[in-house]
1. How many residues does the stretch 200-230 hold that are within 25 Å of Thr255 (Cβ to Cβ) and outside any loop (DSSP other than H, G, I, E, B)?
2. With the requirement that a residue be within 19 Å of Thr80 (Cα to Cα) and not in a loop (DSSP other than H, G, I, E, B), what does the stretch 148-179 give you?
3. Out of Ser187, Ser159, which single residue is in contact with a Leu (Cβ under 7 Å, 6 or more places away or on another chain), at pLDDT 95 or above and not β-branched (Val, Ile, Thr)?
4. Count, please, the residues in the stretch 101-124 that happen to be of a type in the set (Val, Ile, Thr) and open to solvent by less than 10 Å² (accessible area, probe 1.4 Å).
5. Would you please name the residue that is farthest from Phe43 (Cα to Cα), looking only at residues in the stretch 59-85 that are surrounded by 15 or more Cβ atoms within 10 Å (Cβ to Cβ) and polar (S, T, N, Q)?
6. Count, please, the residues in the stretch 201-221 that happen to be out of contact with any Asp or Glu (no Cβ under 7 Å at 6 or more places or on another chain), crowded, with 18+ Cβ neighbours inside 10 Å and farther than 18 Å from Gly128 by Cβ.
7. Filter the stretch 181-197 down to residues that are open to solvent by 20 Å² or more (accessible area, probe 1.4 Å), of a type in the set (A, V, I, L, M, F, W, C) and either in a loop (DSSP other than H, G, I, E, B) or closer than 12 Å to Pro211 by Cβ (or both), then give me how many there are.
8. Give just the number: which of (1) touching a strand residue (DSSP E or B) at 6+ places or on another chain (Cβ under 7 Å); (2) at pLDDT below 95 does Val74 not satisfy?
Amino acid sequence: MNKTIRQILLLLFIACSFSTFLGQSQKINASLVSKFKIAADEFIGYDSFGYSYQIKNNVFSKVKGNEIFEYKNVSLGNITKVDIQNPLKIVLFYEDFNSVVLLDNQLNKMTEINFSQNAVPIVVSAIGMSTQNQLWIFNTLNQQISLFDYLKNEYKTVSVPLTEGIKYYQTDFNTFYWIDKKNNWFSCDIFGKISSLGNVADFDKIEIISPQKFIFSKANSLYLRENTNTFFEIEVLEKTFDKFYYKDQILSIFTKKEIVNYKIVTP
């Protein structure tokens, strides 16, 4: 069997497996909570204080009612990634310039770090806020997950080199999650312990809720996977959307014109 035939059979197997789970998936009803117009290129999410975060024309903003805070840094190019886990220390990642900016709760710049100037060579392709004044980093030069103390300017690797490229990543304070290009799902804690969390279905977009749960979209439909083989289809009104965001049982759907918020109760 030549390589081309094997690849075709693999694609057919993935397609059949995905079709099978769709037929077996249960339903989750989403209750409409609110919707509002938004003029943004990208919706980032909400914090615990009710502020929404978005990007428009490469300007990062924070909004609640009549309160609006903005930050822009034209010298660093486009914003690649935003981490709002800690609304008192917001992380803006500018991958093209290998730099990160930390903002306070009024979007004033606290710290700017250019990793190209570090004593240890670092080229960052993934980043997120961790604990104790540290940032999660994936260094493409050594293919390792690392921690960077931005107050002490100290860098340490915590994982072994990854053998497969990263397709998607997400972080919380204690964990670096990633899905590799073969759709295998892993986690790494701050001590460097790597755990295999299984294989995920093919997805267009995905958001990890916990080591057992994630929400993903495929062909503009939304699904929740719980544990290993339990899938739920989330029924929303929107047939097309750019992004979804989940926090505290609120599922936010971002379209070109508005944000629609639904309440869902995950099993």
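1. Residues meeting the conditions: 15.
2. Phe148, Ile166, Lys167, Tyr168, Tyr169, Gln170, Thr171, Phe176, Tyr177, Trp178, Ile179
3. Ser187
4. 3
5. Ranking the candidates gives Asn73 first.
6. 2
7. Number satisfying all stated conditions: 4.
8. (1)
The values are calculated or read from the model by the stated rules, or taken from the named source; none is laboratory data. Note that the structure is predicted; figures quoted are calculated from it, not measured. Every residue, glycine as well, gets a Cβ built from its backbone with ideal geometry; the counts of neighbours run over all protein chains shown. When the accessible area is computed, the model is the full protein with side chains, heavy atoms only, and any ligands, DNA or RNA have been set aside. Shrake-Rupley method; radii C 1.70, N 1.55, O 1.52, S 1.80 Å.
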